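Have a look at the structure below, then the notes.
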Amino acid sequence: MSRQALAELFSRCRAENRAALLPYMTAGLPDPEGSVRLFVAMAEAGADGFEVGIPYADPLMDGPVIQAAGDRALAAGSGVEVALDILEQVVAETGRPSVVMTYVNPVLRMGPEVFAQRLSQAGASGAIIADLPVDEALPFASALDRHGMGLVLFVAPTTTEARLENVVQASPPFVYGVAELGVTGERDMASSHIGSLVARVRKHSEVPVVAGVGIATPDQARSAAAAADGVIVGSALVRRVMEADTVDAAEDALRVAVGELADAIRRD
Amino acid sequence: MRLDRPDNQGRFAEYGGQFAPETLMPALEELETEFAKAWDDPGFHNELNKLLADFVGRPTPVYRAERLSDQLGIDLYLKREDLAHTGAHKINNTMGQALLTKRMGKNRVIAETGAGQHGVATATACALLGQECVVYMGEKDIERQALNVQRMRMLGTEVRPVTSGAGTLKDAVSAAMRDWVATVDTTHYIIGSVVGPHPFPWMVRELQKVIGEELQEQMDGSQRPHPDVIVACVGGGSNAMGIFYPYVGSDVRLVGVEAAGYGLETGEHGASLVAGSPGVIHGSMTYLLQDVQGQILEAHSISAGLDYPGVGPEHAYFKDRQLVEYTSITDEEAVEAVNLLASVEGIIPALETAHALAWIAKEADSLRGQTVALNLSGRGDKDVQQIIDLVDADE
Ligand SMILES: Cc1ncc(COP(=O)(O)O)c(C=O)c1O
C-alpha cells in the first residue's frame with residue numbers, strides 16, 4: 001500500500017457520494033493477537049481504512065479513554081515494534097489503506113528515515129504525528145515521501161490563514177481537520193467547525209479533509225460527513241474495547257458500532 | 001556562545017522548537033509576539049519592576065554563610081530567593097506572565113506544579129491581578145506537598161488532582177497542556193520552568209535572569225568578592241537558568257545539580273542531562289529520560305520539584321557546548337543538606353535547593369578557598385512534614 005491507495009480511496013468515496021470511514025484503534029489492545037482481529041472485524045463492518053495508534057506513555061493530544069488504552073496496551077507488551085507488526089498484518093488481511101498515529105518522540109528515536117522504511121515495509125500509506133506541526137514537519141514529510149507515503153498535517157479551528165496555506169503547500173495525503181478544540185474524547189454535541197474548516201481548505205486546494213476529534217455517534221459522523229471527505233472515530237470505539245471482557249465481545253461491539261457509522265457517512 | 005534569543009524556529013541550535021499540536025500553534029505565535037512587544041516596552045518593565053520591588057521584595061539579599069563557610073573551608077554566599085514573596089524564585093516568572101496575560105486580554109490562567117511553589121506563586125499573582133486560576137498537580141505531589149495545596153486554595157485557586165502516570169510533575173504538565181488545547185481562546189498557560197515549546201523557555205529565562213543580574217551587582221568585587229563558582233539545582237532548570245544566564249561564557253564556573261534519586265545506577269532518578277538522551281518532551285527538543293523505543297520514563301526524586309524526566313532546552317544547549325557543568329545528588333545526600341543548613345545557619349532550605357548545597361558540601365575539599373555562590377531557590381517549610389515522615393519511617 002502507499003499514499004496512492006489513500007488517494008484512490010478518497011476518489012472512490014467521492015464517486016459514491018459518501019465520506020470515508022477511518023476508525024482509530026490503539027494497536028495491541030486488548031493484546032497483540034486480539035488486536036488484529038479487532039481491525040479485521042471493523043473492516044468487515046465497513047471501515048474503509050485505519051489509523052493504527054502506536055501506544056504512547058504521554059499522549060498530549062489524547063483524552064482519558066485513549067490514555068488508558070495506551071497504558072493498557074503498553075502493559076500488555078505493545079509498543080512501536082508490536083504496533084508495526086500489527087499494522088502489517090492488518091493491511092495484509094484487510095487490504096485497507098492505513099496510517100499510523102503516533103507522537104514524535106518514538107519516531108525521532110528510530111530516526112525519520114528508518115521509521116519511514118519500516119512503515120513502508122509494513123504496508124502503511126502514511127503517518128499522523130500528533131505533536132508535529134507543519135513548522136517542524138519537513139524532515140519527517142521528506143522521509144515518508146521518499147518511500148511513497150505521506151505525512152498528514154492538521155488544520156484546527158484556531159489555525160490562521162497563513163498557517164493553513166503552509167499546510168496545503170506541504171501537500172499532505174489528507175488534511176486532518178480538528179473538529180473540536182481540545183483533546184480526543186466523546187462530546188455531547190456535533191462539531192460546528194468542520195463546515196468552515198473544509199471551506200477554508202477548499203479555497204486553496206482539493207486535498208481531502210478528514211474530520212477527527214470529538215466524533216463519536218452516528219449523528220455526529222453524519223454531520224461531519226456532510227462536509228468532510230473522511231471521518232475519524234476514535235475514543236467511542238476504543239471505549240467499547242476497553243469495556244469488553246473478551247476479544248469476542250469487543251469484536252461484536254465494534255461490528256455494531258462501525259456498521260452504524262458506515263451507514264451514517266453516506267450522503268444520500 | 002550564549003544566545004540572546006532562540007532562532008526563528010525557536011531553537012537553541014538543535015534544541016527547543018515547537019513540537020505542539022496545531023491547535024496550540026497560533027497561541028504560541030501570539031505569545032511570542034506579545035511577549036517580545038512587552039519586553040521591548042519600558043512601560044511593561046516599569047509595571048513589573050514596581051511589583052517585583054514592592055510586592056515580591058526584590059532585590060533579594062546575598063548573605064555570607066559565616067559558620068558554614070568556616071566549616072567547609074570555602075567562602076560561601078547564599079542568593080536568598082527563599083526570601084522572595086511566597087518563598088521561592090518561581091514568583092519572578094509568574095508576576096511577569098500574569099501581567100502578560102492581562103495585556104493579552106485573557107482572564108483565565110492555568111499552571112502545573114510539582115513542589116507546589118510554582119502553583120502558589122501563580123495563585124498569588126492571579127489573586128493580585130483578579131484572574132481566575134486553575135493549577136494541575138499530581139496526586140502524589142498533593143500528598144507530599146500538602147502545605148502548598150492549602151496555600152493555593154486560600155489564594156482562591158482551584159487545585160485539580162492529576163491521577164495519570166505516576167501522579168507527579170510530568171503528568172501535571174501534560175494535564176495543563178490538555179486543558180490549554182481546549183481553552184486556548186480564553187486561557188493563558190503559565191508554565192513553571194524554562195521548559196515547553198518556544199517561546200516558553202526563552203520567556204521564562206528572560207523573567208528569571210533578574211537573579212543573576214542582581215548577583216552581578218551584589219558580588220561585584222567591591223562590597224563582596226566575585227564568585228568563582230555558582231551552583232544551582234536543576235529540575236526544569238529555571239532557577240539555575242536565572243542565576244547562570246548573565247554569567248554564561250564568563251570565567252565563572254557554573255554547576256547545575258540534578259536529582260540522582262536512589263542513585264543513577266538504580267535508574268530511579270531525575271537526572272535528564274546527566275543520564276538522559278535527546279528527544280522531545282512537552283513540546284521541546286531536549287535531554288530526557290526515555291527507553292529504547294522512545295517512551296518517556298517516570299522520573300524519581302524525593303523532591304517533587306526535581307521529579308521530572310525532562311529539562312529546559314537551553315540547558316541541553318549549554319551541556320553540549322560545555323558552558324555549564326551538570327552533576328547529580330541523591331535523595332539521601334539532599335536530606336542531609338537540609339539538616340546541615342538548618343542547624344548551622346538557621347535556614348531551612350527546600351529539598352530542591354538542598355541538592356545544590358549537598359554538592360557544595362561534598363566537593364568542599366576541591367573547592368577549598370574559593371568563593372562559591374549558591375542559588376538558595378526556596379524555603380523548606382513545605383518539606384518539613386515529608387522529612388518528619390521519613391525520619392518516622394526509618395525509626
Ligand atoms: C524551591 C525550588 N527550587 C527549584 C525548583 C526546581 O525548578 P527549576 O529547576 O525550574 O528551578 C523548584 C520547583 O518546584 C522549587 O520549588
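Result for chain B in a Gaussian network model with C-alpha springs under 10 Å: among B:ALA240, B:ALA182, B:ALA356, the largest mean-square fluctuation is at B:ALA182. Taken as Cα centroids, the stretch B:171-234 and the stretch A:6-72 sit 40 Å apart, rounded to the nearest whole angstrom. Does a label point 7 Å from the Cα of B:ARG67, set along Cα-to-beta-carbon, have any residues of the stretch B:340-357 with amide nitrogen under 11 Å, and which are they? Under cut-off, by backbone N: B:340-347.
The charge dipole of the stretch A:3-264, taken about its Cα centre with unit charges on the Cβ of Lys, Arg, Asp and Glu (plus for the first two, minus for the last two), comes to roughly 720 debye. The dipole here belongs to the protein assembly as shown: it is taken about the Cα centre, uses +1 on the Cβ of Lys and Arg and -1 on the Cβ of Asp and Glu, and is about 1700 debye. Comparing A:ARG146, A:ARG239, A:ARG96 in a Gaussian network model of chain A where C-alpha atoms under 10 Å apart are linked, the largest mean-square fluctuation is found at A:ARG146.
Projected over every direction and averaged, the convex hull enclosing the alpha-carbon atoms of the stretch B:79-141 yields 4.3 nm². Principal axis analysis of the Cα atoms in the protein assembly as shown yields extents of 84, 55, 46 Å, listed in decreasing size. The C-alpha radius of gyration of the stretch A:3-264, expressed as a fraction of 2.2 N^0.38 Å, stands at 0.90.
Beyond 21 Å in Cα-Cα separation lie the following of the pairs B:LYS37/B:LYS90; A:LYS203/B:LYS37; B:LYS50/B:LYS90; A:LYS203/B:LYS106; B:LYS79/B:LYS382: B:LYS37/B:LYS90; A:LYS203/B:LYS37; A:LYS203/B:LYS106. Taking 0.36 nm per residue of separation and subtracting the Cα-Cα distance, full extension of the segment from B:GLU336 to B:LEU390 would add 18.2 nm. With the simple model of a label 7 Å out from the Cα in the direction of the Cβ, A:ASP31 to A:ALA68 spans 2.1 nm. On the full set of protein chains, 1.4 Å probe, figure out the accessible area of A:TYR24 and give it in Å² to the nearest 10. Taking all protein chains as shown, A:TYR24 has close to 20 Å².
Between B:SER222 and A:ASP188, what FRET efficiency comes out of the Förster formula 1/(1 + (r/R0)^6) with R0 = 56 Å and r the beta carbon distance, rounded to 0.05? Computed FRET efficiency for A:ASP188 and B:SER222: 0.25.
For B:GLY196, neighbours were defined as the other residues whose beta-carbon sits under 13 Å from its Cβ, and their charges (Lys and Arg +1, Asp and Glu -1) total -2. From its DSSP helices (H runs of at least four residues, each -39,500 (n - 2.57)), the protein assembly as shown gives a residue-normalised ellipticity at 222 nm of -13500 deg cm²/dmol. Selection among B:GLN71, B:VAL338, B:ALA232 by position relative to the dipole of chain B gives B:ALA232 as farthest towards the positive end (Cβ unit charges, Cα centre). Comparing mean-square fluctuations of B:ALA304, B:ALA172, B:ALA361 from a GNM of chain B with C-alpha springs under 10 Å, the top value falls on B:ALA361. A 1.4 Å probe, protein heavy atoms only, puts the accessible area of B:ASP394 near 130 Å². Around the Cα centre of chain B, unit charges on the Cβ atoms of Lys, Arg, Asp and Glu (plus for the first two, minus for the last two) sum to a dipole of about 980 debye.
How much of the pair distance distribution for the stretch B:229-337 lies past 23 Å, counting alpha-carbon pairs only, in percent? It works out to 22 percent of all Cα pairs. Computing FRET efficiency as 1/(1 + (r/R0)^6) for B:GLU143 and B:ASP320, where r is the C-beta to C-beta distance and R0 is 35 Å, gives about 0.40. Label zone (A:ALA75, point 7 Å along Cα-to-C-beta; backbone nitrogen cut-off 17 Å) within the stretch B:274-300: B:298. Estimated at the nearest 10 Å², the accessible area of B:LEU31 is 0 Å² with a 1.4 Å probe.
In a fully extended conformation the segment linking B:ALA53 and B:SER250 would gain 68.1 nm over its present Cα-Cα distance, using 0.36 nm per residue.
Accessible surface of the stretch A:3-264, 1.4 Å probe: 50 percent of it comes from carbon and sulfur atoms. Contact order for chain A, expressed relative to its length and based on alpha carbon pairs under 8 Å spaced 6+ residues apart, stands at 24 percent. Of the peptides A:245-255, A:129-139, the ranking by mean beta-carbon count within 10 Å, highest at the top, reads A:129-139, A:245-255. In a solvent-free Debye calculation with one equal scatterer on each Cα, what is log10 I(q)/I(0) for the stretch B:132-250 at q = 0.10, 0.19, 0.22 Å⁻¹, listed in the order of the q values? Reported log10 I(q)/I(0), two decimals: -0.42, -1.06, -1.22. For the stretch A:7-73, state which GluC sites (Glu not before Pro) are in a DSSP loop and have at most 15 other beta carbons lying within 10 Å of their beta carbon. Counting only loop positions with at most 15 other Cβ atoms within 10 Å, the GluC sites (Glu not before Pro) in the stretch A:7-73 are A:GLU16. Remark: mean inter-chain Cβ contacts per residue of A:61-72 equal 2, using a 10 Å Cβ-Cβ cutoff to other protein chain atoms.
When you restrict to C-alpha pairs under 8 Å that are six or more residues apart and normalise by the size of the stretch B:180-250, the relative contact order lands at 35 percent.
Annotation: extensible slack from B:GLU213 through B:LYS37 equals 61.2 nm (criterion: 0.36 nm per residue apart, minus Cα-Cα distance).
Shielding value for B:280-293 is 4, the average number of Cβ atoms from other chains within 10 Å of each residue's Cβ. Each of B:MET104 and A:SER171 was given a label point 7 Å from its Cα along the Cα-to-Cβ line. The distance between the two points is 3.6 nm. Think of chain A as a dipole: +1 on every Lys or Arg Cβ, -1 on every Asp or Glu Cβ, centred on the Cα centre; then among A:ALA130, A:LEU237, A:ILE86, A:ALA130 lies furthest on the positive end. Extending 7 Å from the Cα toward the beta-carbon at both A:SER196 and B:ARG368 defines two label points whose distance is 7.3 nm.
For A:GLU93 and A:VAL256, the FRET efficiency from 1/(1 + (r/R0)^6), where r spans their Cβ atoms and R0 equals 22 Å, is about 0.60. Across peptide A:96-106, the average count of Cβ atoms from other chains found within 10 Å of a residue's Cβ is 3.
The values are calculated or read from the model by the stated rules, or taken from the named source; none is laboratory data. Bear in mind that the values here come from a model prediction, so they are computed numbers and not experimental data. For neighbour counting, all protein chains shown are included, and Cβ atoms are generated from backbone atoms with ideal geometry for every residue, glycine included. Accessible surface areas use protein heavy atoms only, side chains included; no ligands, DNA or RNA. Shrake-Rupley method; radii C 1.70, N 1.55, O 1.52, S 1.80 Å.
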